[in-house]
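What follows is a set of notes on a single structure, which appears directly below.
Read-outs: derived from the displayed coordinates by stated rules, not from any lab. A quick note: this is a predicted structure, and the numbers were derived from the prediction, not measured. Ideal geometry is used to build each Cβ from the backbone, glycine not excepted, and the neighbour counts take in all protein chains shown.
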């Protein structure tokens, strides 16, 4: 069960591949926050990766903070290890902190099930949009720009017209020990 629209966002503080830790409180000055559950190996993440990075870069100039969190179990999915996360972030020039949820506690608190899966938080850090980046893994097939629409609404002081879409992607790879 995911957090519901209007619910306060669960707090977090996680190690970042670029060093140090990043927490929700570090993003206090942002007009909106995008929390994306992400990983390295998922073909859906890879299909959206460049578009998502471009959106993060563009909206950062407008006061939006973006973080991506990998909660996959690296034992069974070594492509999603912390070291490989750091490699991927550097390779792709991520414009956002890439964080590691080793305990999978943050993913569970948000109710995340897929990669990519977005939770967009408004200025009071309440959930304003949950779902997919847009409606197509093919950049030429995009008809609805869910993330952009949600961010534009929040930056204009409005609630997003569409607050929820089905997240499309691979399932989070839960630890067998959990």
> If you check 95, 150, 107, which single one turns out to be under 15 Å from the mean Cα position of the chain (by Cα) and more than 28 Å from residue 174 (Cβ to Cβ)?
Replying inline: 95
> Say we look at the range 86-112 and pick out the residues that are touching a helix residue (DSSP H, G or I) at 6+ places or on another chain (Cβ under 9 Å) and under 18 Å from residue 47 (Cα atoms); which of these is surrounded by the fewest Cβ atoms within 10 Å (Cβ to Cβ)?
Replying inline: 93
> Taking helices (runs of 4 or more DSSP H) that do not extend beyond the range 81-164, which have at least 3 residues that are more than 18 Å from residue 38 (Cα to Cα)?
Replying inline: 146-155
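Each row is one residue, and each column tells you yes or no for (1) more than 16 Å from residue 5 (Cα to Cα); (2) crowded, with 22+ Cβ neighbours inside 10 Å; (3) in contact (Cβ under 8 Å) with a residue 12 or more places away in the chain.
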| residue | (1), (2), (3) |
| --- | --- |
| 132 | no, yes, yes |
| 139 | yes, no, yes |
| 143 | yes, no, no |
| 168 | yes, no, yes |
| 175 | yes, no, yes |
> Taking the stated definitions as given, is residue 163 under 16 Å from the mean Cα position of the chain (by Cα), in contact (Cβ under 8 Å) with a residue 24 or more places away in the chain and surrounded by fewer than 19 Cβ atoms within 10 Å (Cβ to Cβ)?
Replying inline: yes
> What is the one condition in (1) touching a residue at least 24 places away in the same chain (Cβ under 8 Å); (2) surrounded by fewer than 17 Cβ atoms within 10 Å (Cβ to Cβ); (3) touching a strand residue (DSSP E or B) at 6+ places or on another chain (Cβ under 8 Å) that residue 57 does not satisfy?
Replying inline: (3)
> Which number in (1) in contact (Cβ under 8 Å) with a residue 40 or more places away in the chain; (2) under 27 Å from residue 124 (Cβ atoms); (3) in a helix (DSSP H, G or I) marks the one condition that residue 35 misses?
Replying inline: (3)
> Looking at (1) exposed (fewer than 15 other Cβ atoms within 10 Å of the Cβ); (2) under 15 Å from the mean Cα position of the chain (by Cα); (3) in contact (Cβ under 8 Å) with a residue 60 or more places away in the chain, can you tell me which one residue 75 breaks?
Replying inline: (2)
